[in-house]
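The values are calculated or read from the model by the stated rules, or taken from the named source; none is laboratory data. From a predicted model like this one, the values you see are computed outputs, not experimental measurements. A quick note on method: Cβ atoms are made from the backbone with ideal geometry, for glycine too, and the neighbour counts reach across all protein chains shown. All accessible areas refer to the heavy atoms of the entire protein, side chains included, with ligands and DNA or RNA removed. Shrake-Rupley method; radii C 1.70, N 1.55, O 1.52, S 1.80 Å.
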Amino acid sequence: MIGRSGVGTGPAGEDVLLRDGTIARVRDAVPGDRDRLVQLHEELSDRHRYERFFHVGDLDAARFVEGLLPRLAGGEAVAKVAVVDGHIAGLASCTRAAGDGEAELALVVADRHVHRGVATLLLEHLAVAAAEVGVTDLVTYVMADNAAAFDVLQNAGFELTSSPHRETVEVRFPVRLTEHVLAAMAAREQRADADSMGTLLRPRSVAVIGASRRESHPGHQVVRNLLRARFTGTVHPVNPHCDYLLGMRCHSSILDVAPVDLAVVAVPAAEVPKAVRECAQGGVRDVVILSSGFAEAGPEGRRLQDEVLAIARGSGMRVVGPNCLGVANTDPDVRLDATFSPMSAGRGRVAMMTQSGAVGIAALQRAEELGVGLSAFISSGNKADVSCNDLLMYAAEDHATDVVALYLESFGNPRKFSRLARQLSARKPIVALVGGSSRGGRQGALGHTASAVTSADAVDALFRQCGVIGVHGLEELLQTTSVLANQPLPAGRRVGIISNAGGPAILAADACESEGLQLTTLSAETMAAIREIVPDASSVQMPVDLGSGVGWEAYADVVSTIARSGEIDMLIALRTPLPGLSYASFTRALRTALRAGPDEDAPPVATVAVILDPHGPSRPISAGDHRVPVFSFPEDAARALGPIARYAEWRAEPHAPVAEAPAGSRVTAREVVARTLRAAPEGCRLPEPDARQLLAAYGIGVLPSVLADGAEEAVDAAEWVGYPVVVKVADPVAHRTDVGGVRVGLRSPDEVRLAAHELLGIAVERPGLIVQRQVPAGVELIAGVTQDEVFGPLVMVGYGGVYTELIEDRSFRLTPLNRADAAAAIAELRTAPLLAGYRGAPAADAAAVEHLLVCLGRLADDLPEVAEIDLNPVIVHERGVSVVDAKIRLHPAAQAPDPNVRRLRPPIGSIGSDWDT
């Protein structure tokens, strides 16, 4: 048998985008599908029926379906169907009779749905479902001339093995989701989602349902903004109580003007389901819902939001919102501003998403003041459907977007966000601000956009791993975005500072150092050149102070000299408002100096300007091929440059795939977990032998120990493990040292006997002793796993031993993590220099610690029932590590949906939590 039953319980499934943007639902096949499955096969063309059954016959369809359904019920088969517009568009199934892990694959797609990506979609979902119930390999038989079938199998990314048999070819492949398979799946998802979002942002017609004569009404403001932006398509105001609006005739219903590409809904929440239903009837393609009163308002609002989403999904419409500001696209061929913001987005190369409409309005206004132009803008609101992940996939394919800027109040599926962000950040920077990191902010977010915000540690870990530039305020978000959109990435951390006054230059140097930037040391040749240009300069070494009397020509020559020297990666050009250097002459100096750019052999220089006047101009200065962003204070400039330099380093590093767990480890580990939770369904701390077995399944060894009930048994145990030994109480207290429950360095039976008598008087809950061989000294670390309710498992490493809480030096990473992630987590520790050999001590084996963290990550990824792992101390030697003590706590947990499987964001009520960002 395959395992658990392959029959689903009803119509539940996953909504997924097909290649052309159509929404299909992939679900388990159920007995009630019998007639529709027969019809699917009977309606195949003769050619396709021949390719499916190797001959054309009338009875094959019914025979196959009637043979499949009992096998599903008996757990001998798994089957998935794709439903499009209420009809089954395709079926993928696998059946096995033998007891091994091989199953025979059958795949069929209705003629009218061929070439829409249905086959590969079904194969993806079937492979994951089959693997979950023990199938390891699929085998199928294909007509030798069936090129389309071979294309499907090859494009899926699996490792195929082919064996010709006369007119057919036997094809078999493992269902394991390798990096190659995952990459192929991600590429298909990205293309489909990007096309879907591109269609949403490039409508040829827009209807505004709820267009009002009241100027303060969102519906009125959307119509006004569409006209003000000179939208290249047609605009249709819809309001049964209004004849004309802003010179255009109003329609009483969307059905009077449908089909249109995009409908913007601005009616009370109770009226939204009717409006969306009429959009579905009229063939509207996409919907933006501005109305509030949905999931952010409580249980009834969540039910209403699910109802609206179900209506939209049933007709294949994408939904932005509800409770949002709207969408915009500044492409001159579109000029879409379907928002009710008083400020329109200027043209640029930044794609922005804000979950909050109010933050969106503030961001658009400040972006205009800072000269940050946008390629696209989406206010996602409650994210019923379109989410941050959709924008990331769109930006990856959009040639008009160079940078992505995000304001988020929640994460639904951080693992999918991580995968998408890693891929995008390797080519285009992402800058993100997360609201709700404080306790008060979290409470506000819950009532604002129905968000569940997680801990700052988890957010930081997520951003570090996937190359996202995290910022701490809206101004910082826009300023950092401005630098990325207008300047090249720096090749390193060397920064140069040029000023016409000493004090601001010193402040700039301090700010740069606090951000981890390195104030460059100029060569003697460069300093001599500066001195020749400005003989009375106060300082020609960094930070360069040219003095209050410097004019624009000399300032320009110095900027050019330093920028073209090859000795800096970033440049901060400072201007204090002094008579010798007016704003106009300062900008002229920058334009003149940077017009030619750096030497061909010199690295690109990211240049910013600081004009010490908070009320002065803030728009970038055009200079050469780039524009120079302007800051009011040097600290702001350093806060933008520091994260950008770190991002550039992350982008330049090779990113290795996550290593797989050892073969067979999952089976052993799951047996341990299942056995323990059967005995303790509410969860418990794992007994020490089981903890050792669980860790060993993932290649993590724990220092051997022997349990002794009395002093003489402790002596025998010491003789067995070998002196010197450590003896400690077996009572599972949190910290044995707090109660004097540990004795170390015992080298004789008498010492062990004395220590045992003392310790036996301490144990309360569980009498007894643990005896271990004492390992050589080394660097003591702590490693472990903790569960975040939204982000899932986090792997932790930090300074260990008895002072771990006092020192509080820890770093976190989300699973899955690779060796580079583990190395970065270790490097972040303040105590990391201890591993390199501090003050003459030998260097410790950091690579062994990296391996330990990767193994912990894989364990936590495979076993959601593991609530907590605490390995303390982990003693790091010159070669290898010794895990001295291990505590593992289990809790009951549902298996999370595989984040790699394509799916749209589900309704809130369909599962316990959101699974898309």
- Length gained, Y838-D333, 0.36 nm per residue minus C-alpha separation, equals 175.6 nm
- Using only the Cα atoms of the stretch 216-370, build the gyration tensor, take square roots of its eigenvalues as a ≥ b ≥ c, and label the shape rounded, prolate or oblate: rounded if a/c is under 1.5, else prolate if a/b is larger than b/c, else oblate. oblate
- Item | In Å², nearest 10: area of E132 left accessible to a 1.4 Å probe | 110 Å²
- Item | Amide N proximity, the stretch 545-570 versus D536 label position 7 Å along Cα-to-Cβ, cut-off under 19 Å | 545-558
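For Y50 and E397, compute 0.36 nm times the residue count separating them, minus their Cα-Cα distance, and round to one decimal in nm.
On the way: separation 347, 0.36 × 347 = 124.92 nm, distance 3.88 nm.
121.0 nm is the gain from fully extending Y50 to E397.
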- Message: Give me the 1.4 Å probe accessible area per residue for the stretch 251-324, excluding ligands and nucleic acids, in Å².
- Response: 33 Å²
- If the label point sits 7 Å along Cα→Cβ of D256, residues of the stretch 278-320 with amide N under 19 Å come out as 278-284
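Among DSSP beta bridges lying fully in the chain, give the percent that are antiparallel, nearest 5. Show your work: numbers first, answer last.
On the way: 91 of 147 bridges.
About 60 percent, rounded to the nearest 5.
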- Calculate, for D111 and T199, the FRET efficiency according to 1/(1 + (r/R0)^6) with r their C-beta to C-beta distance and R0 22 Å; round to the nearest 0.05. 0.30
- Note on the structure: Heavy-atom accessible area per residue of the stretch 87-204, all protein chains kept, 1.4 Å probe, expressed in Å², is 41 Å²
- Message: Here is the link list: K80/K274; K80/K383; K728/K887. Which ones come out longer than 24 Å on Cα distance?
- Response: K80/K274; K80/K383
- Message: Run the simple label-point estimate for A426 and S548 please: 7 Å along Cα→C-beta, distance reported in nm.
- Response: 5.5 nm
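To the nearest 0.05, what FRET efficiency results for Y244 and R19 with a Förster distance of 45 Å applied to their C-beta separation?
Working: r = 42 Å, r/R0 = 0.94.
Efficiency for this residue pair is about 0.60.
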- Looking at the chain, do any whole DSSP H helices span at least 30 angstrom along their long axis by alpha carbon and average -0.5 or above on Kyte-Doolittle, and which? 179-201
- Task: Considering only DSSP beta bridges where both residues belong to the stretch 467-588, give the percentage that are antiparallel (nearest 5).
- Result: 20 percent
- Message: What distance in nm separates the two pseudo spin-label positions at E179 and V739, each 7 Å out from Cα along the beta-carbon direction?
- Response: 4.8 nm
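As a test of the formula, what do you get for the chain when each DSSP H run with n ≥ 4 contributes -39,500 (n - 2.57) and the sum is divided by the residue count, at 222 nm and rounded to the nearest 500 deg cm²/dmol? Don't skip to the answer; put the middle values down first.
Values: 27 runs with 326 residues, N = 917.
Value at 222 nm, helices only, nearest 500: -11000 deg cm²/dmol.
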- How far is it, in nm, from the label point at Q39 to the one at K887 when both lie 7 Å from their Cα along the line to the Cβ? 6.1 nm
- Keeping the other protein chains in place, figure out the carbon and sulfur percent of the accessible area of the chain, with a 1.4 Å probe. 52 percent
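Under a 1.4 Å probe, what is the accessible area of the stretch 704-859 per residue, stated in Å²? Please list the in-between numbers first.
Working: 7180 Å² over 156 residues.
Computed with neighbouring chains in place, this is 46 Å² per residue.
Nearest 5 is fine: what % of DSSP beta bridges in the stretch 168-279 come out antiparallel, could you say? The partial results should precede the final answer.
Numbers: 2 of 12 bridges.
Expressed as a percentage, antiparallel bridges in the stretch 168-279 total about 15.
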- Message: Once you order the gyration tensor axes a ≥ b ≥ c over the Cα atoms, which shape class does the stretch 216-265 get: rounded for a/c under 1.5, otherwise prolate or oblate by comparing a/b with b/c?
- Response: oblate
- Chain lengthening between F633 and E300 when straightened (0.36 nm per residue, less Cα-Cα): 115.1 nm
